[in-house]
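Have a look at the structure below, then the notes.
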Amino acid sequence: MNRVLVVAEHADGRLNAAVAKCVACARTIPDSEITVAVLAKDGGEVAAAAAALEGVARVLLVANPSNEPALAAVLAPQVAKLAEGHAFVLGPSTTFGKDLMPRVAALLDAPQVSDVMAFESATRLRRPMYAANAIATVELPAGRSVVATVRVASFQAVPAGGKAPVEPVTLDVKLPASTRFVSVTAARGDRPDLQTAARVVSGGRALGSAENFKLIQGLADKLGAAIGASRAAVDAGYAPNELQVGQTGKIIAPELYVAVGISGAIQHLTGIKDARTIVAINKDPEAPIFEVADYGLVGDLFSLLPEIEKLL
Amino acid sequence: MRRILVGIKRVIDFNVRVRVRPDGSGVVTEGVKMSANPFDSIALEEAIRLRERGEADEVLAVSIGPTEAQQQLRDALAMGADRAILVKADAGLEPPAVARTLLKLVERESPRLVLLGKQAIDDDSNQTGQMLAALWDRPQATFASKIEIQGEVARVTREVDAGLETIEVDLPAVCTADLRLNEPRYIKLPDIMKAKKKPLDVVELASLGVDPAPRLKVVKLEAPPQRQKGVIVKDAAELVAALKQKGLV
């Protein structure tokens with residue numbers, strides 16, 4: 001049997017949607033038995049949500065005030081302790097998982113595979129390299145634990161419907177005090193989460209200003225979509241960093257992606273290549289975004305956006 | 001001496017369109033321009049700025065790689081690093097081995113801060129800084145977009161999925177640079193001349209007692225599947241009609 005430990009990401013008492021995708025990834029490992037680890041302040045709601053995910057065998061709940069807000073240096077020794085006896089330790093390829101999992105791997109003296117796209121067997125998997133210009137098939141060592149981050153855009157979330165037991169765990173681990181949380185700014189509001197939204201409208205540099213960037217909100221509202229941005233738009237200060245879609249931002253796989261005024265630099269395309277349908281609106285007919293768009297519309301976005309909104 | 005150690009990896013230049021070899025054994029490197037990993041250049045720039053602000057006395061640039069990586073270290077010296085060390089190693093050293101190698105140098109050089117890029121743009125692992133911090137048993141501040149040092153504490157703003165997170169870490173610590181930390185300066189010709197006089201030591205990986213053996217095996221590389229080019233619609237009405245027909249809106 002392959003025992004798999006999935007580390008749960010959560011905030012404000014809610015399980016992050018990426019966890020259901022990590023469980024989906026874990027289920028593709030042959031003969032897997034899946035445990036979800038919830039490290040939280042109290043974590044009851046989060047553990048219950050994790051226990052309901054289909055395919056989860058049990059949930060370990062480590063309640064400790066030090067566990068929120070999450071700090072990798074504090075969580076890593078606890079996760080390493082929980083990981084004993086597990087063949088795989090998985091976390092999402094979000095900034096939470098990217099920060100935490102290598103620290104866990106080092107404590108376990110285990111190799112890490114980042115951004116797993118698929119398990120071909122219990123010892124073979126696929127992952128992107130070179131900004132996803134190459135897909136590597138990687139063979140894992142036999143008889144050694146492996147840590148991995150899961151490229152969430154590659155997996156469909158498992159549904160809720162399970163009912164795994166939640167086991168409270170007390171860990172005898174010394175936690176460092178040398179890392180301290182100060183603050184976080186998050187301005188998401190009521191919009192769907194960019195990482196997991198079914199529809200995303202993104203704006204690029206062609207919007208021209210932070211004020212104009214807001215023009216895509218109307219379309220996003222009509223579509224019930226999350227808002228994203230190209231790196232150029234973020235660098236220019238039109239949109240905050242957390243909206244950046246692309247190799248160095250978020251890699252997403254929505255049903256519908258609408259790129260407004262985005263030329264389509266390679267690093268941006270890397271972030272959207274798993275989108276089901278891509279729509280591009282750009283005044284430059286030569287823009288690379290049209291090479292990957294299912295539907296391209298050439299023209300002035302400032303006149304096209306209100307037209308499209310009216311038709312929806 | 002208040003020292004900052006900066007890691008510099010030699011990678012295929014970020015402007016090069018990377019191509020997979022037809023036999024799947026790797027990517028094409030013949031005649032391809034090599035450069036410092038862009039995130040490492042950002043880390044180096046930040047280290048130099050911290051020294052210029054009086055928060056450090058020396059910037060030490062370290063690369064672990066082939067003899068040719070001396071070129072990237074010379075560039076680092078020209079940018080403003082004070083000295084450099086090349087640890088000669090074959091390509092393909094995995095992040096845990098890189099972290100163990102850096103730990104050996106950290107033990108020798110006792111930096112107050114280690115600044116690395118958040119990831120290298122070749123293997124895209126995003127592991128080395130976090131692993132070094134764990135092995136060193138020190139704090140980590142990854143994906144930094146702002147670093148302020150106040151006494152023995154660094155206050156670091158991090159680019160996280162939720163937005164911008166600020167944490168405080170006791171020094172010494174490991175910090176990894178994200179895109180918007182700074183814009184690296186251009187190297188000027190006189191600086192290239194001056195850099196030739198700066199010390200660049202070369203040591204063998206074996207002399208540090210680090211086991212370079214990989215634990216993972218890359219069996220093959222493949223080019224990713226290409227998306228099919230779609231259609232150009234003539235106006236907003238045709239676009240909305242097409243999306244409605246596919247049940248997307």
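Coordinate-derived values only; no laboratory data. Computed from a predicted structure; not experimentally measured. Don't worry about glycine lacking a Cβ; one is built from the backbone with ideal geometry, like all the others, and counts go over all protein chains shown.
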Run the helix sum for chain B: -39,500 (n - 2.57) per DSSP H stretch of 4+ residues, divided by residue count, reported at 222 nm to the nearest 500 deg cm²/dmol. -8000 deg cm²/dmol
Mean shadow area of region A:105-258, taken as a quarter of the surface of its Cα convex hull (nm²): 13.9 nm²
For chain A, the spread of Cα positions along each principal axis, largest first, Å: 61, 40, 38
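Report, please, the projected area of region B:101-141 averaged over directions, based on the convex hull of its C-alpha atoms, in nm². Before the final figure, lay out each step's value.
On the way: hull surface 11.8 nm².
Reported value for the Cα convex hull: 2.9 nm².
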Stokes-Einstein D for region B:22-89 at 25 °C, 0.890 mPa s, Kirkwood Rh over Cα pairs, in µm²/s? 184 µm²/s
Expected vector for region A:80-85, Karplus 3J(HN,Hα) from phi with 6.51, -1.76, 1.60 and θ = phi - 60°, integer Hz, x for Gly and Pro, equals 4, 5, 5, 6, 3, x
Using the Kirkwood formula on alpha carbons, the hydrodynamic radius of the protein assembly as shown in angstrom works out to 24.3 Å
Please give the length that would be gained between A:L312 and A:A57 if that part of the chain were fully extended, namely 0.36 nm times their separation in residues minus their C-alpha to C-alpha distance (nm, one decimal). 87.4 nm
Highest-MSF residue in chain A out of A:V152, A:V184, A:V201 [GNM, Cα springs under 10 Å]: A:V184
How many angstrom lie between the Cα centre of region A:135-189 and the Cα centre of region B:194-249? 23 Å
Which residue, A:A253, A:A153, A:A132, tops the fluctuation ranking in a GNM of chain A built on C-alpha contacts under 10 Å? A:A132
Reciprocal mean inverse distance between Cα atoms of region B:177-249 - Kirkwood radius, Å: 20.7 Å
Taking H placed 1.01 Å from N in the peptide plane, check which residues at least 5 places from A:A118 or on another chain put their amide H under 5 Å from its amide H. A:R126
Rounded to 5, the percent of DSSP beta bridges in chain B classed as antiparallel: 40 percent
Rg(Cα) / (2.2 N^0.38 Å) computed for region A:91-156, rounded to two decimals: 1.07
Model label zone, A:N2; criterion: amide N under 16 Å from point 7 Å along Cα-to-beta-carbon; scope region A:139-166: A:139-151, A:155
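Please compare each pair in B:K9/B:K198; A:K273/B:K217; A:K273/B:K33; A:K273/B:K146; B:K9/B:K229; A:K273/B:K244 to a cut-off of 24 Å on the Cα-Cα distance and tell me which ones are over it.
Too far apart for the 24 Å limit: A:K273/B:K217; A:K273/B:K33; A:K273/B:K146; B:K9/B:K229.
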Semi-axis lengths (Å, descending) of the ellipsoid that matches the C-alpha gyration tensor of region B:1-140: 26, 17, 13
In nm², the average projected area of the convex hull spanned by the Cα atoms of region B:109-249 is 16.8 nm²
Cα-based convex hull, chain B, per residue volume (Å³, whole number): 194 Å³
Equivalent ellipsoid semi-axes, region B:63-183, via Cα gyration tensor eigenvalues times 5, rooted, Å: 24, 16, 15
Helix-only CD estimate at 222 nm, as mean residue ellipticity for chain A, using -39500 (n - 2.57) per DSSP H run (n ≥ 4): -7000 deg cm²/dmol
Spelling out what I want: for every residue of region A:152-168, take phi, set θ = phi - 60°, compute 6.51 cos²θ - 1.76 cosθ + 1.60 (Karplus), and round to whole Hz; glycine and proline get x. 5, 5, 8, 10, 8, 4, 6, x, 7, x, x, 8, 7, x, 9, 10, x
For chain B, set up a Gaussian network in which alpha carbons nearer than 10 Å are linked by springs, and say which option among B:L189, B:L116, B:L216 fluctuates the most. B:L216
Over region A:1-137, equivalent-ellipsoid semi-axes from the Cα gyration tensor in Å: 23, 17, 14
Pop out the ³J(HN,Hα) list for region B:47-61 in order, Karplus 6.51 cos²θ - 1.76 cosθ + 1.60 with θ = phi - 60°, rounded to Hz; leave Gly and Pro as x. 4, 5, 5, 5, 5, 5, 7, x, 8, 8, 9, 8, 10, 10, 9
Work out, step by step, the length gained on full extension between B:A241 and B:D90: first 0.36 nm times the residue separation, then minus their alpha carbon distance; give nm to one decimal. 48.7 nm
Can you pull the percent of Cα pairs in region A:1-52 with separation above 16 Å? 36 percent
